[in-house]
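Undergrad: Please see the structure below; I have some questions.
Each value in this text was obtained by applying a stated rule to the coordinates, not by laboratory testing. Given the structure is predicted, the values throughout are model-derived calculations rather than measurements. Cβ atoms come from the backbone with ideal geometry, glycine included; neighbour counts cover every protein chain shown.
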Amino acid sequence: VAHDFNNALSPIMGFSEMLLNHPEMLDDRERVMHYLQTVNIAARDAANVVRHLREFYRPREANENFQPVDLNQLVGGTISLTQPKWKNQAQAKGIPICLKKDLQPIPLIAGVEAELREVLTNLIFNSVDSMPDGGTITLRTCTEGKHVTLEVIDTGMGMTEDVRQRCLEPFFSTKGEGGTGLGLAMVYGIIQRHSGTIAIESELGVGTTVRILLPLPKGREAID
């Protein structure tokens with residue numbers, strides 16, 4: 001929980017520090033409004049983490065309030081939310097990270113937007129952590145039959161087969177004291193509640209691909 005709460009706080013700290021360190025930016029009303037909107041979304045996501053403390057690995061309830069979600073729009077918003085880590089902080093450390101989008105036209109899905117944003121935030125941060133010397137993160141969406149696919153692909157250190165098989169287990173971490181082992185476990189729990197599946201492919205020294213399949217609402221199946 002602390003892991004995901006810190007993820008939500010990261011853009012709040014990043015954008016507020018940027019404005020405090022560069023007060024001349026306050027003259028650019030449009031830019032400041034964009035930063036404030038991003039901070040507000042992050043704060044709401046942090047509040048959502050607190051509200052859902054009880055929901056770790058809970059099953060989906062019959063009256064779950066799922067809403068239509070534009071996954072492509074969510075990807076774009078999450079890129080902005082996570083920018084302080086994958087761009088600003090990384091560049092400050094001399095680590096070049098390139099984030100690319102490969103977003104195909106896809107139908108709306110049913111879900112909880114804050115939870116899906118939490119999934120993508122975790123995956124982006126994991127990719128950043130796996131590239132201490134820099135690299136590329138690619139976010140890809142497409143439609144496959146009755147599912148929408150979301151892929152997070154990085155050119156990081158990759159995982160051994162043993163680590164790959166265990167990485168979704170709660171409290172399993174390869175980050176030592178810097179990791180809680182809850183990030184991917186929370187991702188797994190959220191995807192399960194959305195009736196989706198998650199698959200991870202990884203090769204040591206090459207990179208990792210996380211592939212998530214989320215079902216389309218009934219009647220919205222793609223035509224092959």
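Undergrad: Please work out how much length the chain gains when fully extended from Leu103 to Val163, using 0.36 nm per residue of separation minus the C-alpha to C-alpha distance, in nm with one decimal.
TA: 18.7 nm
Undergrad: Right, here's the next one. Say R0 is 45 Å: what FRET efficiency, to the nearest 0.05, do Leu9 and Val206 get from their beta-carbon distance?
TA: Rounded to the nearest 0.05, the efficiency is 0.90.
Undergrad: Check the straight Cα-Cα distances from Lys218 and name the lysines below 17 Å, setting aside those fewer than 8 residues away within the same chain.
TA: Here the lysines satisfying the reach criterion relative to Lys218 are Lys146.
Undergrad: Quick one: putting +1 on the C-beta of Lys and Arg, -1 on the C-beta of Asp and Glu, what dipole do you get for region 70-174 around its Cα centre, in Debye to the nearest 20?
TA: Roughly 300 debye, rounded to the nearest 20.
Undergrad: So, by mean Cβ neighbours within 10 angstrom, what's the order for 87-99, 22-34 with the highest one leading?
TA: The packing order, highest mean first, is 87-99, 22-34.
Undergrad: In addition: By the scheme Lys and Arg +1, Asp and Glu -1, what is the net charge of all other residues having a beta-carbon under 12 Å from that of Gln73?
TA: After counting each charged neighbour, the total is 0.
Undergrad: Can you work out D for region 95-149 in µm² s⁻¹ from Stokes-Einstein, where Rh is the Kirkwood radius over C-alpha pairs, the temperature is 25 °C and the viscosity is 0.890 mPa s?
TA: Using the Kirkwood radius from Cα pairs, D works out to 191 µm²/s.
Undergrad: Work from the charge dipole of region 73-215 (Cβ charges, +1 for Lys and Arg, -1 for Asp and Glu, about the Cα centre) and give the residue of Ser80, Thr155, Leu213 farthest towards its positive end.
TA: Ser80
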